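Enquirer: Let me begin by handing over the structure; questions about it come next.
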Amino acid sequence: MESNQAHKAGFINIIGNPNVGKSTLMNAFVGEKLSIINSKAQTTRHRILGIVNGDDFQAVFSDTPGIIKPAYQLQSSMMDFVKSAFQDADVLIYLVEIGEKALKDESFFNKIVNAKIPVILLLNKIDTANEEQLVEQVTYWKEQVPNAEIFAISALKNFGVAEVFNRIIELLPASPAFYPKDQFTDKPERFFVNEAIREKILKHYKKEIPYSVEVETEDFEEEEHIIRIRSIIMTERESQKAIIIGHKGESLRRVGTEARKDLERFFGKKIFIELYVKVNKNWRNNENQLKRFGYLGK
């Protein structure tokens, strides 16, 4: 029996400062670990789509890099991904955390306040606040962003997420699906291999090293019961290469082992992974290298 209800579809784009929980939120909506979650800033570098399908809807969520003042070309490219998120949104999610007062870029904040589309302001990490703080924060944000609907949530604890999701579906316009109904992201398999490896580098290395690293998967060969992967970790300097490899290769081996376990869960298959480290000098400010890694248009 056919439903009288029109099919809905649209883009829901998540904007916010670094470390407010954007990736955690999108993963909670999609039910897949699509975006790196790490306490270090600038974890998400690309704009990543997560697609949720129902019989009568398709919600396309977009996780964007945290808003920063760019210090080098890579960061400028990351902020271009944020700008693009304003251009195609049907619903805008502005994610803030308890105690936060403003976006790190005023021009982005003005775009949110003057948006002509529905804006949902999510006050995240409420599990870290008491009731008095919560009331004070809701009052503050009502004044700051009067055009927004406000919800208090904890993305990490999955509190309030279902209520927000239902409201988003209500706000979506009538439209056919944009992607096949069995698709849950716009990124290829190699992208998730790169991100899994990069997540472990963020986890285990300190200071500048995680931000100086890019990962490129050269081989991804899928067989019936196993996927064979060969990936290159690129650093900017020889000294960084030595740190990533570690004493007798122990540090690199740990990254490979942990990434392999995550990827076996993600792909549902046995993984064989080879990791190599190369020096790619000053790649973060090199236009050709940024194009190669997908940060700039070809």
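What follows draws every value from the coordinates through simple rules; no lab data is involved. All values derive from a computational prediction rather than experimental measurement.
Enquirer: Tabulate in residue order the Karplus-calculated ³J(HN,Hα) for the range 87-97, using 6.51 cos²θ - 1.76 cosθ + 1.60 with θ = phi - 60°, rounded to whole Hz; enter x for Gly and Pro.
Expert: Per residue, the Karplus-derived 3J(HN,Hα) values read 6, 10, 6, 9, 9, 10, 9, 9, 9, 10, 10 Hz.
Enquirer: Let me ask you something else. Compute the convex hull volume of the Cα atoms of the range 141-263, divide it by the residue count, and report the result per residue in Å³ as a whole number.
Expert: Numbers: hull volume 25.3 nm³, N = 123.
In the range 141-263, the Cα convex hull volume per residue is 206 Å³.
Enquirer: Sequence-distant or interchain residues sharing an amide H contact under 5 Å with residue 8, placed H: which?
Expert: Amide H neighbours of residue 8, under 5 Å, 5+ apart: 57, 58, 175.
Enquirer: Of 101/157; 22/200; 241/270, which sit over 25 Å apart, Cα to Cα?
Expert: Working: 101/157 23 Å; 22/200 19 Å; 241/270 28 Å.
Cα-Cα > 25 Å for 241/270; rest within.
Enquirer: Beyond 15 Å, what share of the Cα-Cα pairs of the range 193-282 is found? Please give it as a whole percent. Each step should come with its number before you reach the end.
Expert: Details: 2211 of 4005 pairs.
Everything past 15 Å amounts to 55 percent.
Enquirer: Between residue 152 and residues 5 or more places away or on another chain, which pairs have amide H atoms under 5 Å apart, with H built 1.01 Å from N, and which residues are they?
Expert: 123
Enquirer: Can you list the HN-Hα couplings for the range 229-246, worked out from phi with the Karplus curve (6.51, -1.76, 1.60; θ = phi - 60°), rounded to whole Hz and with x for Gly and Pro?
Expert: Once θ is set to phi - 60°, the couplings for the range 229-246 become 10, 10, 10, 10, 9, 9, 10, 8, 9, 4, 5, 5, 4, 5, 5, 5, 5, x Hz.
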